[in-house]
1. Which ones in the range 504-521 are touching a helix residue (DSSP H, G or I) at 6+ places or on another chain (Cβ under 7 Å) and without any contact (Cβ under 8 Å) to a residue 40 or more places away in the chain?
2. Here is a list of conditions, (1) among the aliphatic types (A, V, I, L, M); (2) in contact with a His (Cβ under 7 Å, 6 or more places away or on another chain); (3) exposed (fewer than 15 other Cβ atoms within 10 Å of the Cβ), and Leu232 meets all of them except one; can you say which number that is?
3. Determine whether Val21 is among the aliphatic types (A, V, I, L, M), within 28 Å of Pro251 (Cβ to Cβ) and either without any contact (Cβ under 8 Å) to a residue 60 or more places away in the chain or not in a loop (DSSP other than H, G, I, E, B) (or both).
4. Could you check Ile280 against (1) in a helix (DSSP H, G or I); (2) open to solvent by 10 Å² or more (accessible area, probe 1.4 Å) and say which number it fails?
5. Looking only at the range 58-79, decide whether some residue is of a type in the set (Ser, Thr, Tyr), under 27 Å from Ile155 (Cβ atoms) and open to solvent by less than 60 Å² (accessible area, probe 1.4 Å).
6. Can you confirm whether Pro327 is in the same structural domain as Asn233 (by the TED database), surrounded by fewer than 20 Cβ atoms within 10 Å (Cβ to Cβ), touching a residue at least 60 places away in the same chain (Cβ under 8 Å) and not polar (S, T, N, Q)?
7. When you scan the range 82-103, how many residues do you find that are part of a loop (DSSP other than H, G, I, E, B), among the small types (Gly, Ala, Ser) and closer than 18 Å to Asp307 by Cα?
8. Kindly indicate whether any position in the range 268-286 is of a type in the set (Val, Ile, Thr) and under 30 Å from Glu193 (Cβ atoms).
Amino acid sequence: MVAEESSSASSSTSPIKTVVVLVQENRSFDHMLGWFKSLNPDIDGVTGSESNPISTSDPNSQRLFFKDTAAHIDPDPGHSLQAIYEQVFGKTWDYNNPDPNPASGPTMEGFVQNAESIQAGMGQIVMNGFKPEAVPVFKELVTEFAVCDRWFSSIPSSTQSNRLYLHSATSHGATSNDNNNLLKGYPQKTIFESLEENGHSFGIYFQSFPATFFFRNLRKLKYVDNFDQYDLNFKRHCREGKLPNYVVIEPRYFDLLSVAANDDHPKHDISEGQNFVKEIYEALRASPQWNEMLFLIVYDEHGGFYDHVPTPVTGVPNPDDMVGPEPFNFKFDRLGVRVPAILVSPWIEPGTVLHRPSGPEATSEFEHSSIPATLKRIFNLKEFLTKRDAWAGSFDVVINRSTPRADCPASSSDLDSWSLGDLGMVDSRVVVDDLGLIWVIWDLGVDLCVGEADSRVVVVVKLAEPVRMRATDAKEDAELSDFQQELVQLAAAFKGDFTKDIFPDKIVENMTVAKGLKYVEDAFKKFYDDCHKARENGANESEIVFLPNHPTKNTPPKTFVQKLFSCLVCDN
């Protein structure tokens, strides 16, 4: 089934009261979901005829075709602004004669050439995707709910700038890591403040360290309790029906022997990400809030992996008229590569496919700014954040039922928490058969019907158990990835290490994954403790509390009390 296309009208009668968003790392649509076309031909996926030349300048170059044998991936393909330029336009960036938007348009022919320039043999890695059976949780969710096959990253660049668009519809001029803004916090207004201004709640459930701390305003004292440890509180809040209106779930970004990363970043075992999505889904499914939920799973950027759909390069508005730094001077007028997006709700018909939106403008697309655009519609917020979310398609149109479904996949523990008597199933028992189907049976009848109150047997499909892909253990003594370095540098602002001469580069030099995780966890604990101490001492709720460990040069040391109330007011 194809979902109705979106428009710009306000949605004042939405059945959705809680929107849950999980953003994973660095995979393209074709890489993760391209072969799902074999399950549903309406999905704009792959057939195996897609290919890329090893050299775009050689008309006789060997071409590598897209395969379905993707497994655990160790090398990390290129995904910088210049790498993506080559992947999309099929030529390298010319620093002497820059051509930011070639007349030829996006060819999607440069993935292999760029990958081979990084490491011999990487071309076949980026020209490879997973069979649906290899990502069984996604297979079940796409079959049972909805997939969007035209969702693009907001900017053809790396993680940080795209994660900024998710909640603010702009990167404030950033096209890569910006240490100055990382330290101070990006100043733009976010969807979190918009929700609060309109009387709605939000919560951020994190596992390593919240990347949402990129935003300066979220460091305010008044928001400290909006951050929750996922492992401690998420399932409990689901069970108790206490999830806020907007839920952001941040995955585990650091890979340890004891606790594996589950963010799907290359080098991390993708089966851990599948288990994570399964765990979240089953917690939501068992919640008393389930019939008022919409759950979005999306990826921040494509990570250098091939996708065949040309990226939009015309009609994309610059969100705030800012221009990126030298040497690229990016105008924020084209999108990044297509990424996976799966939408889950009891209000969605099985097998729904969301294509390109019909509005609010003729050139509108689904991209990360669609998140604040959709929240504005669902919760009737007063205004857009930038020109980008005013332009982006809203995905609430995926809601295509008049009543919620009763046959959504569930686990045995979910069934135990259901009020079976409400479905007319008194004196029932639960049986899981050899195929993994969960049967709720009373009177051992043989009539099969899904979710009807007068049925004798209700069949609920259980999500499959992912199989581990990585043959080796986590490499917790490995060097930090670029994004992990950014998280450590971000955490330095909370530990006070930005006043030392080790910031920003020396602080991550030779730091291992294990040490990086310990550093960011300590930073959050310090932030949390310092905020509560400041609050107890009467600090203003709109302030950001910084407690440097060491004074800056030529500055006399502060007393403890002075340190305690050293606050950076957000509006200054």
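1. Within the range 504-521, Ile507, Val508, Met511, Tyr519 meet the criteria.
2. Failing condition for Leu232: (2).
3. yes
4. For Ile280, the exception is condition (2).
5. no
6. Details: in the same structural domain as Asn233 (by the TED database): yes; surrounded by fewer than 20 Cβ atoms within 10 Å (Cβ to Cβ): yes; touching a residue at least 60 places away in the same chain (Cβ under 8 Å): yes; not polar (S, T, N, Q): yes.
Against the criterion (in the same structural domain as Asn233 (by the TED database), surrounded by fewer than 20 Cβ atoms within 10 Å (Cβ to Cβ), touching a residue at least 60 places away in the same chain (Cβ under 8 Å) and not polar (S, T, N, Q)), Pro327 qualifies.
7. Looking only at that region, the number is 1.
8. Yes, the range 268-286 contains at least one residue that is of a type in the set (Val, Ile, Thr) and under 30 Å from Glu193 (Cβ atoms).
The values are calculated or read from the model by the stated rules, or taken from the named source; none is laboratory data. Being a predicted model, the structure only gives us computed values, none of them experimental. Counting neighbours? That spans all protein chains shown, and the Cβs are built from the backbone with ideal geometry, glycine included. With ligands, DNA and RNA removed, areas are computed over all heavy atoms of the protein, side chains included. Shrake-Rupley method; radii C 1.70, N 1.55, O 1.52, S 1.80 Å.
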